[in-house]
Each structure stands twice: as C-alpha cells, then as structure tokens.
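A short write-up of the structure that comes next.
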Amino acid sequence: MSGSTNIIAMKKVVQQLRFEAGINRVKVSQAAADLQQFCLQNAQQDPLLTGMSSSNNPFRPQKVCSFL
Amino acid sequence: MAAEKAEMDALKKECDALRTQIEAARKAVNDSSMSAASGGATAVGRVQLKLRKTLKGHLAKIYAMHWSADSRQMVSASQDGKLLVWDTFTGNKLVAVPLKSAWVMSVAFAPSGNLVASGGLDNICTVYNIKAASPKTLRELDAHTGYLSCCRFLSDTEILTASGDTTCCLWDLETGKQKVIFTNHIGDCMSLALSSDMNTFISGACDSLAKLWDVREGACKQTFSGHTSDINAISFFPSGNAVITGSDDCTCKMYDLRADQEVIGYQDTNLNAGVTSLALSSSGRLIFAGYDDFNCHIWDSLKGEKVGVLSGHDNRVSCTGVPADGMGVCTGSWDSFLKLWN
C-alpha cells in the first residue's frame, strides 16, 4: 500500500532533518573573518592575482632562441 | 487508513518544526555579513587576463574538461565522441580516446595521471587507462539509472559519480562495484566536488540544493538552500570551509560549512544567463564562472563584485578549470574550442 512507503520515506526525511538540526554552528562574523584571512594569507602565492613574468608563464608561446 | 493519515500528519508537523528550528539556529549565528567583514580588504582592481592559447581539435560542442594533478596535462570531452588529452604547455594533443557513446557530459583525470573517466547519456562511467600503448577501457561502471553528470577520482581504485537518477555513488574500481550510494537529493545531481582530504564531498542538483556528504558513511551531513533553480556547478573554497555554487538562476553563492549558511551571493542585474561551470584561483579570492552568455565572468569572492571577464568564445562556456598550481584558467565551450588564460 503506497501509504506505508510514504510513511517510511517521511520518517527518513525527519531523521535527516533531526541530524542536520543538531550540528554546531559558528558565527558568520567568525566564518567570514577566517575566509578573508585565508585569501589574504595566500594572495602573494596566487599567480592569477599577482601576475607572472613571461619567462615564468607556462602557457606563453615559447620564443625560439637561435645562434646567428 | 485514518491511523496512517494521522501518523503522516504528525511526521509532517515534525518536519516543519525541524525546518523552523534549523532556520532559527542559522539566524542566531548570522551576526554579520561577508561584505561587512571584507570592508577592510583591499580591492583586487580590474582583473585582465590574456588569452594565451586556443586549443583546436574537437569537432563538436565541448561539455567537460579536467586538469591533471601535474597542472600541465588536461583532458576534454566533446560530443564529437572523443576525449582529448592535451599538453597545455605546447598545445599538442597527447592521446585521443574514442568513446562508445558520443553523448558525453563529464570527464575526469585520476590524480596519478594514469586513468581518465567519462560518462553521459549512456548512464555509464567508463574508466580508461591512457598509459597503455593505445587507450584501453579498464572498467564500465554501469548501475546508475540516469545520465552521468559528473565524475571525480579519489585514486586509481575509487571514483565518485553524480547522476541524473538523483544519486551519487562511490565505486571500487578493482571490482567495478558500487561501494556507497548517496541518496537524499530530489532532483538530478549535476555536479560534485571532492574535499582535499577526500573525507567529504559536495553535490549540487536540480532540486536547487547543495549537500555535503561523508564519503565513507554515505550520510548527508549538511544541506544548503537559497538557489531558485538547478545548481550546475560546485566547488570547495581552498581552505575547505566553504562551498561555491553556480546555478541556472544566474547567480553564484558561497556557503560557509561551519556557519551552515550562505554568506555572500554573486549576481548582477545585467547578467541574465545561467552559470554552467566555475573554478577558483588558488587563494580563493577569484571565482571564474562560465555562463550561457558565452563569457567567463570573474568575481571577487570576498566583496561579491564582478572584477573581470574572459571573452572570446562564440558559444556557451560549458566548463572552466584552474590547475593545482593556480597558473591559469582553462575555459571550454560549445564552440568546440578550449582557451587558456592568465
């Protein structure tokens, strides 16, 4: 009977919600500060933020050197 | 019948109460905003990346790409029925893998570089050994009852898949069998991302929800809502404490895992195209999001402002990826080309 399968499904939804309701939550101000700090600490090592010289750039077409 | 209805009503009431409880708990810690916190951070200014290479070779729409862990090789998948493995430093094609089914939607590179996997409307995730003399099919993972939207290797022996059948699955590549099935989404799963410690992963689905899962236990640990349409793209912030999503509702969002809620959204009234893909720069400060408007827009993740755009494709940007060393961005498009920018 579809009634009892609906109940089983609903019990699972309730169980999942109970689990999710029970977690500890950190304040947004703390979370945001930590995310910001991570970005700032790693900014100098982020090549897309700092840019790179063409000699360090792996995708730049390599110029061929030849002896004249 | 009446007893069942009474039980159902009681359960529904409990659901509503729990949902209210969760919202209240989230509100209770919502003491600030990301924009307020980032007021002190220096602006990144205009980010102007240059197109360094256009990789030509596919003959039809590109649907997916994935960088190798070596930050040099990259694999792309096209509905021309081929996977191509590229050396992005030279632009050369290293391997071509012919697919049994041309309707490919996802591709992945194993961290070892030995294997690639792909799948799509065939519902199957096929794993190939690309180090053999010619690409050899290692496994056909066939149990999903819907299309394969995304796959990611944990190692040469385990792979995660996301499917249109609303489930995700962890497979054992030695046996070819399912190890763990992740059920909780009520819409097609469209995308997944693995945490760097591989203990958790996140999934985005057509039910507009993002979910965090425990890889070993199979349990859904957290659910994030807010989007108003399908989530097509999902990624971890590099610290592992936040998740970025991209959706058909034309916005991206950042959810913090510890605060259990959205902390900032990325939207623009002039931007009315769905987000197809996204990738973050190595510090997490820049979000590269591919849109249906043929562009990849660049967002400042902390301030929520658009800081640049990668223009050049002649059709939808379907996939975006930043390699592990953070040295560039790759965009793939329905125009059949891949472009490398930095």
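Assorted remarks:
- Only one of B:Ala37, B:Ala25 that is buried (at least 17 other Cβ atoms within 10 Å of the Cβ), under 30 Å from A:Ala9 (Cβ atoms) and at the interface with another protein chain (Cβ under 7 Å from one of its Cβ atoms): B:Ala25
- A Cβ distance below 9 Å, combined with a sequence gap of six or more or placement on separate chains, defines the contacts here; from the range A:36-47, residues that are more than 7 Å from chain B (Cβ to nearest Cβ) and without any contact (Cβ under 8 Å) to a residue 60 or more places away in the chain reach residues that are surrounded by fewer than 16 Cβ atoms within 10 Å (Cβ to Cβ) and in a helix (DSSP H, G or I) in the pairs A:Gln44/A:Thr50.
- Members of the range B:268-287 found to be more than 14 Å from chain A (Cβ to nearest Cβ) and polar (S, T, N, Q), listed by number: B:Thr269, B:Asn270, B:Asn272, B:Thr276, B:Ser277
- Test: residue in the range B:49-67 that is within 30 Å of A:Ala31 (Cα to Cα), touching a strand residue (DSSP E or B) at 6+ places or on another chain (Cβ under 9 Å), outside any strand (DSSP E or B) and more than 8 Å from every other protein chain (Cβ to nearest Cβ): no
- Residue within the range B:131-151 that is of a type in the set (Val, Ile, Thr), over 15 Å from the mean Cα position of the chain (by Cα) and crowded, with 24+ Cβ neighbours inside 10 Å present: no
- Filter result for the condition that a residue is more than 26 Å from B:Ser191 (Cα to Cα), free of Cβ contacts under 8 Å to residues at least 60 places away in the same chain and in contact with a Phe, Trp or Tyr (Cβ under 7 Å, 6 or more places away or on another chain), over B:Lys27, B:Lys5, B:Lys93: B:Lys93
- Search result, residues across the range B:303-315 that are part of a loop (DSSP other than H, G, I, E, B) and either without any contact (Cβ under 8 Å) to a residue 60 or more places away in the chain or crowded, with 24+ Cβ neighbours inside 10 Å (or both): B:Ser311, B:His313, B:Asp314
- Among (1) part of a loop (DSSP other than H, G, I, E, B); (2) in contact with a helix residue (DSSP H, G or I) (Cβ under 6 Å, 6 or more places away or on another chain) - the single one B:Val263 does not satisfy: (1)
- Test: A:Leu40 is modelled with pLDDT of 90 or more and of a type outside the set (Gly, Ala, Ser): yes
- Some residue of the range B:294-308 being aromatic (Phe, Trp, Tyr) and more than 10 Å from every other protein chain (Cβ to nearest Cβ): yes
- Any hit, the range A:13-32, residues being over 26 Å from B:His185 (Cβ atoms), assigned to a helix (DSSP H, G or I) and acidic (Asp, Glu): no
The values are calculated or read from the model by the stated rules, or taken from the named source; none is laboratory data. These numbers come from a predicted model, not from an experiment. Reconstructed Cβ throughout: ideal geometry from the backbone, glycine too, with neighbour counts over all protein chains shown.
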